[in-house]
1. Among LYS335, LYS173, what's the order by accessible area (1.4 angstrom probe), most exposed first?
2. Which of the residue pairs LYS41/LYS231; LYS303/LYS505; LYS173/LYS231; LYS122/LYS428; LYS61/LYS492; LYS303/LYS536 have a Cα-Cα distance greater than 31 Å in the structure shown?
3. I'd like the GluC sites (Glu not before Pro) in segment 322-364 restricted to DSSP loop residues with at most 16 other Cβ atoms within 10 Å, sorted by number.
4. Set the Förster distance to 35 Å, then compute FRET efficiency between ASP100 and GLU447 from the Cβ-Cβ distance, nearest 0.05.
5. Over the Cα atoms of segment 299-429, Rg to Rh with Kirkwood Rh, two decimal places?
6. FRET efficiency for GLN416 and ASN378, Cβ-Cβ distance as r, R0 = 22 Å, nearest 0.05?
7. Distance in nm between label sites at GLU520 and GLU210, each 7 Å beyond Cα in the beta-carbon direction?
8. Which shape class, rounded, prolate or oblate, goes with segment 142-263 when its Cα gyration tensor gives a ≥ b ≥ c as root eigenvalues, a/c under 1.5 marks rounded, and past that a/b bigger than b/c marks prolate?
Amino acid sequence: TTAGGMYVPSMTTLAEIDVEIPGRRPDDPVMSDEEFQASTKIYFERCAGCHGVLRKGATGKALTPDITRENGFEYLRDFITYGSPAGMPNWGTSGDLTEDEVDMMARYVLLEPPAPPEFGMKEMQETWVVHVAPEDRPTEKMNDWDIDNLFSVTLRDSGEIALIDGATYEIKKILETGYAVHISRISASGRYLFVIGRDAKINMIDLWMEDPDTVAEIKIGSEARSVETSKMEGFEDRYAIAGGYWPPQYVIMDGATLEPLRIQSTRGMTYDEQEYHPEPRVAAILGSHYNPEFVVNIKETGKIHLVDYSDLDSLKITEVNAERFLHDGGLDASKRYFLTAANARNKIVVLDTKEGTVDAIVESEGLTPHPGRGANINHPTYGPVWATSHMGDETVALIGTDPEGHPDSAWKVVQQLEALGGGSLFVKTHPESEHLYVDATLNPDAEISGSVAVFKVPDLAGEEPEFTTLPIVEWAGIAEGQPRIVQGEFNKDGNEIWFSVWNAKDLESAIVVVDDKTLEMKHVIKDERLVTPTGKFNVYNTRADVY
Ligand code: DHE
(Lines give C-alpha, C1' and ligand atoms only; values in the text may rest on other atoms or scores of the structure.)
Protein backbone atom coordinates (compact mmCIF):
# COMPACT_ATOMS: atom_id res chain seq x y z
CA THR A 1 0.00 0.00 0.00
CA THR A 2 2.93 2.37 0.15
CA ALA A 3 5.41 3.49 -2.44
CA GLY A 4 8.22 1.82 -0.56
CA GLY A 5 6.75 2.95 2.78
CA MET A 6 8.83 6.12 2.69
CA TYR A 7 8.02 9.76 2.96
CA VAL A 8 7.85 11.51 -0.37
CA PRO A 9 10.72 13.98 -0.18
CA SER A 10 10.24 17.69 0.03
CA MET A 11 7.94 18.91 -2.71
CA THR A 12 8.58 21.05 -5.75
CA THR A 13 6.62 24.26 -5.97
CA LEU A 14 5.61 25.80 -9.25
CA ALA A 15 8.50 28.26 -8.94
CA GLU A 16 11.06 25.45 -8.88
CA ILE A 17 9.93 23.81 -12.10
CA ASP A 18 12.18 24.20 -15.15
CA VAL A 19 9.82 25.33 -17.87
CA GLU A 20 10.17 24.76 -21.58
CA ILE A 21 11.00 28.08 -23.20
CA PRO A 22 8.51 28.92 -25.97
CA GLY A 23 9.80 29.61 -29.50
CA ARG A 24 11.27 33.05 -30.15
CA ARG A 25 10.27 35.55 -32.78
CA PRO A 26 12.80 37.80 -34.54
CA ASP A 27 11.52 40.97 -32.82
CA ASP A 28 11.55 39.49 -29.30
CA PRO A 29 13.39 41.47 -26.61
CA VAL A 30 16.85 40.23 -25.74
CA MET A 31 16.74 37.71 -22.91
CA SER A 32 19.09 34.87 -22.12
CA ASP A 33 17.75 31.42 -21.20
CA GLU A 34 19.02 31.97 -17.63
CA GLU A 35 17.13 35.24 -17.42
CA PHE A 36 14.03 33.54 -18.79
CA GLN A 37 14.14 30.83 -16.10
CA ALA A 38 14.86 33.40 -13.37
CA SER A 39 11.96 35.57 -14.56
CA THR A 40 9.64 32.57 -14.67
CA LYS A 41 10.51 31.83 -11.05
CA ILE A 42 9.80 35.43 -10.00
CA TYR A 43 6.63 35.44 -12.06
CA PHE A 44 5.28 32.23 -10.46
CA GLU A 45 6.19 33.41 -6.97
CA ARG A 46 5.01 37.00 -7.19
CA CYS A 47 2.70 37.54 -10.12
CA ALA A 48 0.83 34.34 -11.01
CA GLY A 49 -1.51 34.58 -7.97
CA CYS A 50 -3.22 37.62 -9.52
CA HIS A 51 -2.41 37.45 -13.26
CA GLY A 52 -2.57 33.64 -13.75
CA VAL A 53 0.15 31.24 -14.86
CA LEU A 54 -0.77 31.78 -18.51
CA ARG A 55 -1.24 35.53 -17.88
CA LYS A 56 -4.88 35.57 -18.94
CA GLY A 57 -5.70 37.84 -15.99
CA ALA A 58 -7.96 37.45 -12.94
CA THR A 59 -7.57 39.78 -9.96
CA GLY A 60 -4.77 41.39 -11.99
CA LYS A 61 -4.88 42.44 -15.65
CA ALA A 62 -4.16 40.08 -18.54
CA LEU A 63 -0.47 40.16 -19.56
CA THR A 64 -0.40 38.22 -22.80
CA PRO A 65 2.04 39.59 -25.43
CA ASP A 66 -0.74 41.03 -27.60
CA ILE A 67 -1.48 43.40 -24.70
CA THR A 68 2.00 43.92 -23.25
CA ARG A 69 3.47 44.72 -26.66
CA GLU A 70 0.84 47.44 -27.13
CA ASN A 71 1.98 48.97 -23.83
CA GLY A 72 5.68 48.62 -24.52
CA PHE A 73 8.77 48.11 -22.40
CA GLU A 74 8.98 51.54 -20.66
CA TYR A 75 5.35 51.48 -19.59
CA LEU A 76 5.71 47.97 -18.15
CA ARG A 77 8.96 48.80 -16.36
CA ASP A 78 7.40 51.87 -14.71
CA PHE A 79 4.23 50.00 -13.81
CA ILE A 80 6.19 47.22 -12.14
CA THR A 81 8.37 49.78 -10.36
CA TYR A 82 5.66 52.06 -9.00
CA GLY A 83 2.54 49.87 -8.93
CA SER A 84 -0.96 51.33 -9.13
CA PRO A 85 -3.72 52.36 -6.73
CA ALA A 86 -5.85 49.58 -8.24
CA GLY A 87 -3.81 47.00 -6.38
CA MET A 88 -0.60 46.39 -8.35
CA PRO A 89 2.21 46.36 -5.75
CA ASN A 90 5.11 48.78 -6.17
CA TRP A 91 7.68 46.02 -6.67
CA GLY A 92 10.51 48.41 -7.50
CA THR A 93 10.12 51.20 -4.95
CA SER A 94 9.25 48.73 -2.19
CA GLY A 95 12.64 47.07 -2.70
CA ASP A 96 11.09 43.65 -3.34
CA LEU A 97 12.65 43.60 -6.81
CA THR A 98 15.93 45.25 -7.82
CA GLU A 99 16.11 47.65 -10.75
CA ASP A 100 17.68 44.89 -12.85
CA GLU A 101 14.94 42.45 -11.90
CA VAL A 102 12.24 44.98 -12.81
CA ASP A 103 13.95 45.53 -16.16
CA MET A 104 14.10 41.78 -16.71
CA MET A 105 10.43 41.26 -15.77
CA ALA A 106 9.33 44.02 -18.16
CA ARG A 107 11.17 42.22 -20.99
CA TYR A 108 9.83 38.86 -19.80
CA VAL A 109 6.15 39.78 -20.02
CA LEU A 110 6.69 40.88 -23.63
CA LEU A 111 7.39 37.23 -24.44
CA GLU A 112 4.95 34.33 -24.75
CA PRO A 113 4.31 32.72 -21.34
CA PRO A 114 5.65 29.20 -20.81
CA ALA A 115 3.21 26.52 -19.65
CA PRO A 116 4.32 24.34 -16.73
CA PRO A 117 3.87 20.58 -17.14
CA GLU A 118 0.57 18.76 -16.67
CA PHE A 119 0.00 16.52 -13.65
CA GLY A 120 -2.26 13.54 -14.30
CA MET A 121 -2.99 10.17 -12.73
CA LYS A 122 0.52 8.83 -13.31
CA GLU A 123 2.16 11.76 -11.50
CA MET A 124 -0.38 11.61 -8.68
CA GLN A 125 0.15 7.87 -8.25
CA GLU A 126 3.90 8.46 -8.04
CA THR A 127 3.50 10.87 -5.13
CA TRP A 128 0.78 8.94 -3.31
CA VAL A 129 1.90 7.21 -0.10
CA VAL A 130 -0.17 5.39 2.50
CA HIS A 131 1.94 5.40 5.66
CA VAL A 132 -0.56 3.52 7.79
CA ALA A 133 -3.13 1.35 6.00
CA PRO A 134 -6.74 1.68 7.21
CA GLU A 135 -6.68 -1.85 8.69
CA ASP A 136 -3.63 -0.94 10.78
CA ARG A 137 -5.23 2.15 12.28
CA PRO A 138 -6.96 2.23 15.67
CA THR A 139 -10.67 1.43 15.87
CA GLU A 140 -11.23 3.98 18.62
CA LYS A 141 -9.54 7.14 19.85
CA MET A 142 -6.27 6.10 21.51
CA ASN A 143 -5.17 9.42 23.03
CA ASP A 144 -6.53 11.75 25.71
CA TRP A 145 -6.59 14.78 23.42
CA ASP A 146 -9.78 16.82 23.26
CA ILE A 147 -9.73 16.63 19.48
CA ASP A 148 -12.95 18.60 19.04
CA ASN A 149 -11.30 21.63 20.63
CA LEU A 150 -7.96 21.19 18.89
CA PHE A 151 -6.66 23.97 16.59
CA SER A 152 -4.78 23.13 13.42
CA VAL A 153 -2.52 26.12 12.79
CA THR A 154 -0.67 26.83 9.55
CA LEU A 155 3.00 27.63 10.09
CA ARG A 156 3.28 29.21 6.70
CA ASP A 157 6.97 29.58 6.01
CA SER A 158 8.23 26.49 7.83
CA GLY A 159 6.06 24.05 5.85
CA GLU A 160 4.40 22.70 8.98
CA ILE A 161 1.23 22.80 11.00
CA ALA A 162 0.94 23.04 14.78
CA LEU A 163 -1.78 21.13 16.64
CA ILE A 164 -2.65 23.24 19.68
CA ASP A 165 -4.97 22.27 22.52
CA GLY A 166 -7.89 24.70 22.75
CA ALA A 167 -8.09 24.63 26.55
CA THR A 168 -4.48 24.57 27.73
CA TYR A 169 -2.84 26.29 24.69
CA GLU A 170 -0.26 23.53 24.72
CA ILE A 171 1.38 22.76 21.38
CA LYS A 172 0.61 19.06 21.23
CA LYS A 173 2.51 18.43 18.05
CA ILE A 174 4.22 20.01 15.05
CA LEU A 175 3.78 18.11 11.80
CA GLU A 176 5.72 18.43 8.58
CA THR A 177 3.46 19.23 5.63
CA GLY A 178 3.59 20.74 2.15
CA TYR A 179 4.84 24.29 1.73
CA ALA A 180 2.67 27.07 3.21
CA VAL A 181 -0.41 25.03 4.03
CA HIS A 182 -3.37 27.07 2.90
CA ILE A 183 -6.29 25.52 4.73
CA SER A 184 -7.21 22.67 7.09
CA ARG A 185 -10.46 20.75 6.75
CA ILE A 186 -11.87 17.92 8.89
CA SER A 187 -13.67 14.75 7.88
CA ALA A 188 -17.35 14.50 8.85
CA SER A 189 -16.57 12.12 11.75
CA GLY A 190 -13.99 14.54 13.15
CA ARG A 191 -11.29 11.92 12.98
CA TYR A 192 -9.22 12.90 9.95
CA LEU A 193 -7.57 16.24 9.41
CA PHE A 194 -6.65 17.22 5.83
CA VAL A 195 -4.22 20.00 5.01
CA ILE A 196 -3.08 21.20 1.60
CA GLY A 197 0.10 23.12 0.84
CA ARG A 198 0.57 25.72 -1.87
CA ASP A 199 2.70 23.06 -3.55
CA ALA A 200 -0.48 20.94 -3.82
CA LYS A 201 0.68 18.35 -1.31
CA ILE A 202 -2.05 16.95 0.94
CA ASN A 203 -1.38 15.40 4.35
CA MET A 204 -4.13 13.29 5.90
CA ILE A 205 -3.69 13.11 9.68
CA ASP A 206 -5.40 10.55 11.91
CA LEU A 207 -6.39 12.27 15.16
CA TRP A 208 -7.37 8.95 16.78
CA MET A 209 -3.84 7.58 16.89
CA GLU A 210 -2.02 7.52 20.19
CA ASP A 211 0.36 9.98 18.60
CA PRO A 212 -1.62 11.64 15.77
CA ASP A 213 0.34 11.61 12.54
CA THR A 214 0.14 11.62 8.76
CA VAL A 215 -1.38 8.35 7.56
CA ALA A 216 -1.51 9.20 3.85
CA GLU A 217 -0.19 11.88 1.51
CA ILE A 218 -0.37 12.83 -2.14
CA LYS A 219 0.53 15.70 -4.44
CA ILE A 220 -2.26 16.69 -6.84
CA GLY A 221 -0.43 19.23 -9.01
CA SER A 222 2.15 21.96 -8.57
CA GLU A 223 -0.02 24.72 -7.07
CA ALA A 224 -3.23 24.40 -5.04
CA ARG A 225 -5.37 26.05 -2.37
CA SER A 226 -8.34 23.87 -1.43
CA VAL A 227 -9.24 20.51 0.07
CA GLU A 228 -12.55 19.23 1.47
CA THR A 229 -14.30 16.00 2.45
CA SER A 230 -17.73 14.44 1.88
CA LYS A 231 -20.18 15.67 4.52
CA MET A 232 -23.50 14.19 3.34
CA GLU A 233 -25.20 11.69 5.63
CA GLY A 234 -24.29 8.18 4.45
CA PHE A 235 -21.05 9.43 2.86
CA GLU A 236 -19.21 10.61 5.98
CA ASP A 237 -15.43 10.21 5.56
CA ARG A 238 -15.97 8.45 2.21
CA TYR A 239 -14.25 10.89 -0.15
CA ALA A 240 -11.84 13.79 -0.17
CA ILE A 241 -11.47 16.34 -2.94
CA ALA A 242 -8.74 18.83 -3.73
CA GLY A 243 -8.64 21.67 -6.23
CA GLY A 244 -5.60 22.79 -8.21
CA TYR A 245 -4.43 26.21 -9.38
CA TRP A 246 -1.98 24.41 -11.68
CA PRO A 247 -2.91 22.29 -13.48
CA PRO A 248 -6.45 23.65 -13.44
CA GLN A 249 -8.31 20.57 -12.25
CA TYR A 250 -9.82 18.86 -9.23
CA VAL A 251 -9.41 15.31 -8.03
CA ILE A 252 -11.70 13.10 -5.98
CA MET A 253 -9.83 10.74 -3.66
CA ASP A 254 -10.64 7.86 -1.37
CA GLY A 255 -11.43 9.31 2.06
CA ALA A 256 -9.44 6.68 3.94
CA THR A 257 -6.28 6.49 1.82
CA LEU A 258 -6.18 9.52 -0.52
CA GLU A 259 -6.03 7.16 -3.49
CA PRO A 260 -6.75 9.38 -6.50
CA LEU A 261 -9.94 8.12 -8.14
CA ARG A 262 -11.14 10.68 -10.62
CA ILE A 263 -9.51 13.78 -12.05
CA GLN A 264 -11.65 16.44 -13.65
CA SER A 265 -10.22 19.26 -15.76
CA THR A 266 -11.78 22.71 -15.38
CA ARG A 267 -10.60 24.03 -18.75
CA GLY A 268 -13.45 25.30 -20.86
CA MET A 269 -15.68 28.24 -21.64
CA THR A 270 -16.25 31.31 -19.52
CA TYR A 271 -19.86 31.50 -18.32
CA ASP A 272 -20.59 34.89 -19.86
CA GLU A 273 -18.67 35.46 -23.09
CA GLN A 274 -18.35 31.71 -23.66
CA GLU A 275 -14.76 31.99 -24.76
CA TYR A 276 -12.24 29.24 -24.06
CA HIS A 277 -10.10 29.71 -20.95
CA PRO A 278 -6.99 27.54 -20.61
CA GLU A 279 -6.48 28.10 -16.88
CA PRO A 280 -9.66 28.19 -14.79
CA ARG A 281 -8.31 27.70 -11.26
CA VAL A 282 -10.16 25.93 -8.50
CA ALA A 283 -10.88 28.25 -5.57
CA ALA A 284 -13.04 27.32 -2.55
CA ILE A 285 -14.59 23.85 -2.30
CA LEU A 286 -17.44 22.99 0.05
CA GLY A 287 -18.97 19.64 1.02
CA SER A 288 -22.78 20.00 0.82
CA HIS A 289 -24.90 18.96 3.83
CA TYR A 290 -28.00 18.61 1.62
CA ASN A 291 -26.82 16.49 -1.29
CA PRO A 292 -23.97 14.05 -1.99
CA GLU A 293 -22.15 16.87 -3.74
CA PHE A 294 -19.01 18.91 -3.67
CA VAL A 295 -19.52 22.57 -4.49
CA VAL A 296 -16.49 23.65 -6.51
CA ASN A 297 -15.73 27.30 -7.33
CA ILE A 298 -14.05 27.72 -10.71
CA LYS A 299 -12.43 31.12 -10.66
CA GLU A 300 -11.77 32.26 -14.21
CA THR A 301 -14.82 30.79 -15.97
CA GLY A 302 -17.15 31.99 -13.22
CA LYS A 303 -18.88 28.65 -12.90
CA ILE A 304 -19.73 26.55 -9.87
CA HIS A 305 -19.53 22.81 -10.35
CA LEU A 306 -21.87 20.69 -8.26
CA VAL A 307 -20.07 17.38 -8.34
CA ASP A 308 -22.32 14.46 -7.39
CA TYR A 309 -20.04 11.87 -5.81
CA SER A 310 -22.65 9.13 -5.40
CA ASP A 311 -21.38 7.37 -8.54
CA LEU A 312 -17.84 8.18 -9.61
CA ASP A 313 -18.10 6.03 -12.75
CA SER A 314 -20.85 8.17 -14.19
CA LEU A 315 -19.95 11.40 -12.53
CA LYS A 316 -22.78 13.92 -12.71
CA ILE A 317 -21.53 17.48 -12.72
CA THR A 318 -24.03 20.33 -12.72
CA GLU A 319 -22.38 23.40 -14.14
CA VAL A 320 -24.00 26.49 -12.68
CA ASN A 321 -23.34 29.96 -14.11
CA ALA A 322 -22.25 32.30 -11.33
CA GLU A 323 -19.78 35.17 -11.80
CA ARG A 324 -16.15 35.40 -12.78
CA PHE A 325 -13.26 35.31 -10.33
CA LEU A 326 -14.95 33.23 -7.67
CA HIS A 327 -12.72 32.98 -4.61
CA ASP A 328 -13.69 32.13 -1.01
CA GLY A 329 -17.01 31.78 0.79
CA GLY A 330 -19.06 29.94 3.40
CA LEU A 331 -22.50 28.78 4.43
CA ASP A 332 -25.29 30.81 6.00
CA ALA A 333 -26.48 29.84 9.49
CA SER A 334 -28.98 27.29 8.12
CA LYS A 335 -26.10 25.66 6.15
CA ARG A 336 -28.28 25.64 3.04
CA TYR A 337 -26.94 28.66 1.15
CA PHE A 338 -23.33 29.04 0.05
CA LEU A 339 -22.33 32.70 -0.15
CA THR A 340 -19.18 33.15 -2.16
CA ALA A 341 -17.22 36.13 -3.41
CA ALA A 342 -16.56 36.88 -7.06
CA ASN A 343 -13.94 39.21 -5.68
CA ALA A 344 -12.70 41.07 -8.75
CA ARG A 345 -16.32 41.74 -9.70
CA ASN A 346 -17.32 43.05 -6.24
CA LYS A 347 -20.14 40.54 -6.00
CA ILE A 348 -21.39 37.81 -3.69
CA VAL A 349 -23.01 34.81 -5.35
CA VAL A 350 -25.72 32.99 -3.40
CA LEU A 351 -25.96 29.29 -4.24
CA ASP A 352 -28.80 27.20 -2.84
CA THR A 353 -27.01 23.91 -2.11
CA LYS A 354 -30.36 22.12 -1.71
CA GLU A 355 -31.78 23.04 -5.11
CA GLY A 356 -28.49 23.57 -6.90
CA THR A 357 -29.43 27.02 -8.20
CA VAL A 358 -27.90 30.47 -7.97
CA ASP A 359 -30.62 32.45 -6.19
CA ALA A 360 -28.96 35.85 -6.27
CA ILE A 361 -25.83 37.73 -7.21
CA VAL A 362 -25.45 40.60 -4.79
CA GLU A 363 -23.34 43.76 -5.27
CA SER A 364 -21.28 43.83 -2.08
CA GLU A 365 -21.09 47.66 -2.24
CA GLY A 366 -17.38 47.59 -1.44
CA LEU A 367 -14.13 46.87 -3.28
CA THR A 368 -12.98 43.25 -3.55
CA PRO A 369 -15.04 41.30 -1.02
CA HIS A 370 -12.95 38.71 0.86
CA PRO A 371 -15.08 36.83 3.39
CA GLY A 372 -13.03 33.74 4.22
CA ARG A 373 -16.01 31.65 5.23
CA GLY A 374 -17.87 34.78 6.35
CA ALA A 375 -19.66 35.38 9.65
CA ASN A 376 -23.30 34.61 10.51
CA ILE A 377 -24.94 36.96 12.98
CA ASN A 378 -28.47 37.41 14.17
CA HIS A 379 -29.09 41.06 13.40
CA PRO A 380 -31.40 42.95 15.80
CA THR A 381 -33.30 44.48 12.86
CA TYR A 382 -32.80 42.19 9.87
CA GLY A 383 -32.60 38.72 11.40
CA PRO A 384 -29.98 36.25 10.14
CA VAL A 385 -27.32 38.03 8.09
CA TRP A 386 -23.93 36.95 6.71
CA ALA A 387 -20.98 39.33 6.75
CA THR A 388 -18.00 39.94 4.50
CA SER A 389 -15.26 42.53 4.72
CA HIS A 390 -13.31 43.90 1.74
CA MET A 391 -9.70 44.00 0.67
CA GLY A 392 -10.10 47.29 -1.17
CA ASP A 393 -11.84 49.42 1.46
CA GLU A 394 -12.93 49.59 5.11
CA THR A 395 -16.51 48.45 4.53
CA VAL A 396 -18.21 45.36 5.88
CA ALA A 397 -21.36 44.23 4.07
CA LEU A 398 -24.16 42.51 5.98
CA ILE A 399 -26.36 40.46 3.65
CA GLY A 400 -29.76 39.09 4.70
CA THR A 401 -29.91 35.28 4.47
CA ASP A 402 -33.42 34.38 5.59
CA PRO A 403 -35.75 34.39 2.55
CA GLU A 404 -38.57 32.75 4.54
CA GLY A 405 -38.55 34.73 7.79
CA HIS A 406 -37.20 38.06 6.47
CA PRO A 407 -38.01 38.10 2.74
CA ASP A 408 -37.50 41.87 2.41
CA SER A 409 -33.90 41.60 3.56
CA ALA A 410 -32.93 38.41 1.77
CA TRP A 411 -29.94 38.62 -0.56
CA LYS A 412 -29.47 42.36 -0.11
CA VAL A 413 -26.84 44.38 1.65
CA VAL A 414 -29.03 45.47 4.54
CA GLN A 415 -26.29 47.40 6.33
CA GLN A 416 -22.79 48.60 5.58
CA LEU A 417 -20.35 48.99 8.47
CA GLU A 418 -17.07 50.87 8.47
CA ALA A 419 -14.23 49.06 10.19
CA LEU A 420 -10.54 49.90 10.64
CA GLY A 421 -9.46 50.29 7.04
CA GLY A 422 -8.81 48.53 3.75
CA GLY A 423 -6.84 45.32 3.46
CA SER A 424 -9.23 43.20 5.48
CA LEU A 425 -9.14 39.46 4.81
CA PHE A 426 -11.41 37.82 7.37
CA VAL A 427 -14.46 38.38 9.56
CA LYS A 428 -15.51 36.03 12.34
CA THR A 429 -18.21 35.33 14.91
CA HIS A 430 -19.76 32.30 16.66
CA PRO A 431 -23.38 31.43 17.55
CA GLU A 432 -22.50 31.93 21.24
CA SER A 433 -20.90 35.31 20.63
CA GLU A 434 -22.40 38.82 20.49
CA HIS A 435 -19.43 40.13 18.53
CA LEU A 436 -18.32 40.51 14.94
CA TYR A 437 -14.53 40.68 14.50
CA VAL A 438 -12.89 42.27 11.45
CA ASP A 439 -9.15 42.17 10.70
CA ALA A 440 -7.21 44.51 8.38
CA THR A 441 -4.23 42.29 7.63
CA LEU A 442 -3.01 43.92 4.43
CA ASN A 443 -3.46 47.54 5.49
CA PRO A 444 -0.21 49.47 4.91
CA ASP A 445 -0.47 51.21 8.30
CA ALA A 446 1.21 49.03 10.95
CA GLU A 447 -1.15 50.13 13.71
CA ILE A 448 -4.18 49.17 11.64
CA SER A 449 -2.81 45.85 10.36
CA GLY A 450 -1.84 45.09 13.97
CA SER A 451 -5.37 45.59 15.33
CA VAL A 452 -8.85 44.12 15.03
CA ALA A 453 -12.22 45.91 15.01
CA VAL A 454 -15.10 44.45 17.04
CA PHE A 455 -18.75 45.34 16.56
CA LYS A 456 -21.32 44.48 19.22
CA VAL A 457 -24.28 42.80 17.53
CA PRO A 458 -27.08 44.51 19.56
CA ASP A 459 -25.50 47.90 18.66
CA LEU A 460 -26.05 47.19 14.98
CA ALA A 461 -29.64 48.43 15.44
CA GLY A 462 -28.22 51.97 15.72
CA GLU A 463 -27.52 54.33 12.80
CA GLU A 464 -23.73 54.29 12.71
CA PRO A 465 -22.50 51.47 14.91
CA GLU A 466 -19.16 52.13 16.58
CA PHE A 467 -16.52 49.50 16.96
CA THR A 468 -13.94 48.74 19.63
CA THR A 469 -10.30 48.41 18.53
CA LEU A 470 -8.28 45.55 19.99
CA PRO A 471 -4.52 46.29 19.84
CA ILE A 472 -3.52 42.68 19.28
CA VAL A 473 0.14 43.24 18.31
CA GLU A 474 0.62 45.40 21.40
CA TRP A 475 -0.92 42.66 23.56
CA ALA A 476 1.44 40.14 22.00
CA GLY A 477 4.34 42.28 23.18
CA ILE A 478 6.27 41.96 19.94
CA ALA A 479 8.36 45.00 19.08
CA GLU A 480 10.45 43.70 16.21
CA GLY A 481 9.20 43.66 12.64
CA GLN A 482 5.74 44.62 11.44
CA PRO A 483 3.59 41.66 12.40
CA ARG A 484 0.13 41.53 10.85
CA ILE A 485 -2.98 40.23 12.56
CA VAL A 486 -4.80 37.63 10.55
CA GLN A 487 -7.88 35.42 10.75
CA GLY A 488 -9.81 35.12 14.00
CA GLU A 489 -10.96 31.62 14.93
CA PHE A 490 -13.23 30.66 17.83
CA ASN A 491 -12.75 27.77 20.22
CA LYS A 492 -15.43 25.10 20.35
CA ASP A 493 -17.48 26.69 23.13
CA GLY A 494 -17.46 30.05 21.40
CA ASN A 495 -16.09 32.02 24.37
CA GLU A 496 -12.56 32.72 23.07
CA ILE A 497 -11.25 33.93 19.74
CA TRP A 498 -7.67 33.37 18.59
CA PHE A 499 -5.72 35.72 16.29
CA SER A 500 -2.43 35.06 14.55
CA VAL A 501 0.31 37.63 14.99
CA TRP A 502 2.07 36.94 11.70
CA ASN A 503 5.62 38.23 11.65
CA ALA A 504 8.56 37.63 9.29
CA LYS A 505 10.02 34.13 9.25
CA ASP A 506 13.09 35.00 11.32
CA LEU A 507 11.21 37.11 13.88
CA GLU A 508 8.95 36.25 16.79
CA SER A 509 5.30 35.54 15.98
CA ALA A 510 2.46 34.62 18.38
CA ILE A 511 -1.19 33.72 18.77
CA VAL A 512 -3.26 36.02 20.95
CA VAL A 513 -6.33 34.57 22.67
CA VAL A 514 -9.11 37.09 23.38
CA ASP A 515 -11.90 36.57 25.90
CA ASP A 516 -15.05 37.07 23.84
CA LYS A 517 -17.17 38.32 26.75
CA THR A 518 -14.78 40.97 28.11
CA LEU A 519 -12.82 41.65 24.90
CA GLU A 520 -9.68 41.45 26.99
CA MET A 521 -6.49 39.60 26.26
CA LYS A 522 -6.65 36.19 27.92
CA HIS A 523 -3.45 34.51 26.82
CA VAL A 524 -0.53 34.85 24.43
CA ILE A 525 0.86 31.69 22.89
CA LYS A 526 4.56 32.16 22.15
CA ASP A 527 6.96 29.43 21.23
CA GLU A 528 10.03 29.39 19.04
CA ARG A 529 8.36 26.67 16.98
CA LEU A 530 5.49 29.02 16.14
CA VAL A 531 6.95 30.29 12.85
CA THR A 532 4.70 32.56 10.74
CA PRO A 533 1.30 31.34 11.98
CA THR A 534 -1.56 32.31 9.63
CA GLY A 535 -4.74 30.20 9.26
CA LYS A 536 -6.19 28.49 12.34
CA PHE A 537 -8.90 25.88 12.24
CA ASN A 538 -10.78 24.65 15.29
CA VAL A 539 -11.63 21.01 14.60
CA TYR A 540 -15.25 21.18 15.72
CA ASN A 541 -16.12 24.54 14.16
CA THR A 542 -14.47 23.60 10.88
CA ARG A 543 -16.10 20.20 10.65
CA ALA A 544 -19.58 21.46 11.56
CA ASP A 545 -19.29 24.70 9.53
CA VAL A 546 -19.80 26.91 12.58
CA TYR A 547 -18.80 30.52 11.85
FE1 DHE B 1 -5.86 32.32 0.94
C2 DHE B 1 -8.65 30.60 2.02
C3 DHE B 1 -6.58 31.49 -2.26
C4 DHE B 1 -3.42 34.46 -0.12
C5 DHE B 1 -4.77 32.67 4.16
N6 DHE B 1 -7.37 31.25 0.04
C7 DHE B 1 -8.43 30.64 0.67
C8 DHE B 1 -9.26 30.01 -0.33
C9 DHE B 1 -8.66 30.24 -1.54
C10 DHE B 1 -7.47 31.03 -1.30
C11 DHE B 1 -9.14 29.77 -2.90
C12 DHE B 1 -10.54 29.22 -0.07
C13 DHE B 1 -10.26 27.78 0.21
C14 DHE B 1 -11.52 26.99 0.54
O15 DHE B 1 -12.36 27.47 1.33
O16 DHE B 1 -11.67 25.87 0.02
N17 DHE B 1 -5.16 32.93 -0.88
C18 DHE B 1 -5.60 32.46 -2.07
C19 DHE B 1 -4.91 33.12 -3.16
O20 DHE B 1 -5.01 32.85 -4.38
C21 DHE B 1 -4.12 34.23 -2.58
C22 DHE B 1 -4.87 35.52 -2.82
C23 DHE B 1 -2.77 34.48 -3.19
C24 DHE B 1 -1.82 33.33 -3.15
O25 DHE B 1 -0.87 33.37 -3.91
O26 DHE B 1 -2.03 32.39 -2.40
C27 DHE B 1 -4.19 33.86 -1.08
N28 DHE B 1 -4.35 33.39 1.87
C29 DHE B 1 -3.46 34.18 1.25
C30 DHE B 1 -2.50 34.73 2.18
O31 DHE B 1 -1.51 35.49 1.91
C32 DHE B 1 -2.90 34.31 3.55
C33 DHE B 1 -3.39 35.53 4.32
C34 DHE B 1 -1.78 33.68 4.38
C35 DHE B 1 -1.29 32.35 3.95
O36 DHE B 1 -1.24 31.47 4.80
O37 DHE B 1 -0.94 32.21 2.77
C38 DHE B 1 -4.07 33.38 3.21
N39 DHE B 1 -6.59 31.75 2.76
C40 DHE B 1 -5.96 31.97 3.95
C41 DHE B 1 -6.74 31.37 5.01
C42 DHE B 1 -7.87 30.78 4.40
C43 DHE B 1 -7.74 31.02 2.99
C44 DHE B 1 -6.40 31.42 6.50
C45 DHE B 1 -9.01 30.02 5.08
C46 DHE B 1 -9.97 30.93 5.75
C47 DHE B 1 -11.11 30.19 6.41
O48 DHE B 1 -11.53 30.66 7.47
O49 DHE B 1 -11.58 29.18 5.87
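The values are calculated or read from the model by the stated rules, or taken from the named source; none is laboratory data. Keep in mind that this is a model prediction, so the values were computed, not measured. Virtual Cβ from ideal backbone geometry, glycine too; neighbours counted across all protein chains shown. Accessible surface is based on the protein model in full, side chains and every heavy atom, while ligands, DNA and RNA are left aside. Shrake-Rupley method; radii C 1.70, N 1.55, O 1.52, S 1.80 Å.
1. I get LYS335, LYS173, largest accessible area first.
2. Over 31 Å apart, Cα to Cα: LYS41/LYS231; LYS303/LYS505; LYS122/LYS428; LYS61/LYS492.
3. Of the GluC sites (Glu not before Pro), the ones in loops of segment 322-364 whose Cβ has at most 16 other Cβ atoms within 10 Å are GLU355.
4. Result of the calculation: an efficiency of 0.50.
5. 0.99
6. 0.75
7. Each label point is offset 7 Å from its Cα along the Cβ direction, giving 4.3 nm.
8. oblate
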